[in-house]
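The values are calculated or read from the model by the stated rules, or taken from the named source; none is laboratory data. Only a predicted model underlies this, so the values are computations on that prediction, with no experimental measurement involved. Positions of Cβ are backbone-derived with ideal geometry, glycine not excepted, and every protein chain shown enters the neighbour counts.
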Amino acid sequence: MAEFNIAFQLTSAKEAGYSNHPKDTGGETWCGIARNKNPNWSGWLTIDLLKQKANFPDNLKNNTSLAQQVYTFYKRQYWDVLKEDNYDAQAIANKLYDIAVNMGVTTAAKILQRVLNAFNQNGHYYPDLLKDGIIGNTTGGSDTACILF
């Protein structure tokens, strides 16, 4: 089974750090989590408290509570939604997770559904999947389409 920790480390290397650039439509961002797009993320409370301390934003880097909030956010918002614990191929899970983080879960799901249909040889292994961008029991089920992985 694919492991979230591996995919998380690979993608996080590209999403690390703090920014608050006025031309960024996402606004304030920590580890790729944009405040304007995720205003209810629990990590913003921690960040707002750390803004009042010395050495901001460097003090964000070693805060274990904040790191756990980032980890949990990415696991729930991307990995779990795509049901990636069901995939056997780590490399495919890594790529799909990275696509989801950067292009959205729906886009990643549609790409997966297109690929699975292409390998399906016109319904030979299972009925072709609806390319709806939703990972349900057919697309993400361990006993159906994703068994190919």
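Okay, here's what the table says:
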{"read-out": "Residue that is surrounded by the most Cβ atoms within 10 Å (Cβ to Cβ), among those in the stretch 40-67 that are over 14 Å from A16 (Cβ atoms) and among the hydrophobic types (A, V, I, L, M, F, W, C)", "value": "I47"}
{"read-out": "Test result for G133, of a type outside the set (D, E, K, R), at pLDDT below 85 and touching a Lys or Arg at 6+ places or on another chain (Cβ under 6 Å)", "value": "yes"}
{"read-out": "Residue match in the stretch 57-77 (condition: closer than 27 Å to G133 by Cα and touching a Leu at 6+ places or on another chain (Cβ under 7 Å))", "value": "no"}
{"read-out": "Leading residue by the ranking (modelled with the highest pLDDT) among those in the stretch 102-124 that are touching a Leu at 6+ places or on another chain (Cβ under 9 Å) and surrounded by fewer than 14 Cβ atoms within 10 Å (Cβ to Cβ)", "value": "R114"}
{"read-out": "Of all residues making up the stretch 45-57, the number that are without any contact (Cβ under 8 Å) to a residue 12 or more places away in the chain and either closer than 26 Å to D98 by Cα or of a type in the set (A, V, I, L, M, F, W, C) (or both)", "value": "4"}
{"read-out": "Any chance N40 is of a type outside the set (G, A, S), modelled with pLDDT under 95, part of a loop (DSSP other than H, G, I, E, B) and out of contact with any strand residue (DSSP E or B) (no Cβ under 7 Å at 6 or more places or on another chain)", "value": "no"}
{"read-out": "The stretch 68-91 - residue that is touching a residue at least 60 places away in the same chain (Cβ under 8 Å) and surrounded by fewer than 17 Cβ atoms within 10 Å (Cβ to Cβ) and, of those, farthest from H21 (Cα to Cα)", "value": "D88"}
{"read-out": "Candidate set: the stretch 30-39, residues that are touching a Phe, Trp or Tyr at 6+ places or on another chain (Cβ under 7 Å) and within 22 Å of L10 (Cα to Cα); chosen: the one surrounded by the most Cβ atoms within 10 Å (Cβ to Cβ)", "value": "W30"}
{"read-out": "Per-region count, the stretch 1-37, residues over 12 Å from V70 (Cα atoms), out of contact with any helix residue (DSSP H, G or I) (no Cβ under 8 Å at 6 or more places or on another chain), part of a loop (DSSP other than H, G, I, E, B) and of a type outside the set (D, E, K, R)", "value": "7"}
{"read-out": "Inter-residue pairs, beta-carbon under 8 Å, first crowded, with 16+ Cβ neighbours inside 10 Å and in the stretch 4-18, second charged (D, E, K, R) and at pLDDT below 95, 6+ apart", "value": "F4/E84; F4/D85; A7/E84"}
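Here is a yes/no grid of residues against (1) at pLDDT 95 or above; (2) among the aromatic types (F, W, Y); (3) closer than 16 Å to T29 by Cα; (4) not in a helix (DSSP H, G or I):
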| residue | (1), (2), (3), (4) |
| --- | --- |
| L45 | yes, no, yes, no |
| D48 | yes, no, yes, no |
| Q52 | yes, no, no, yes |
| R76 | yes, no, no, no |
| K95 | yes, no, no, no |
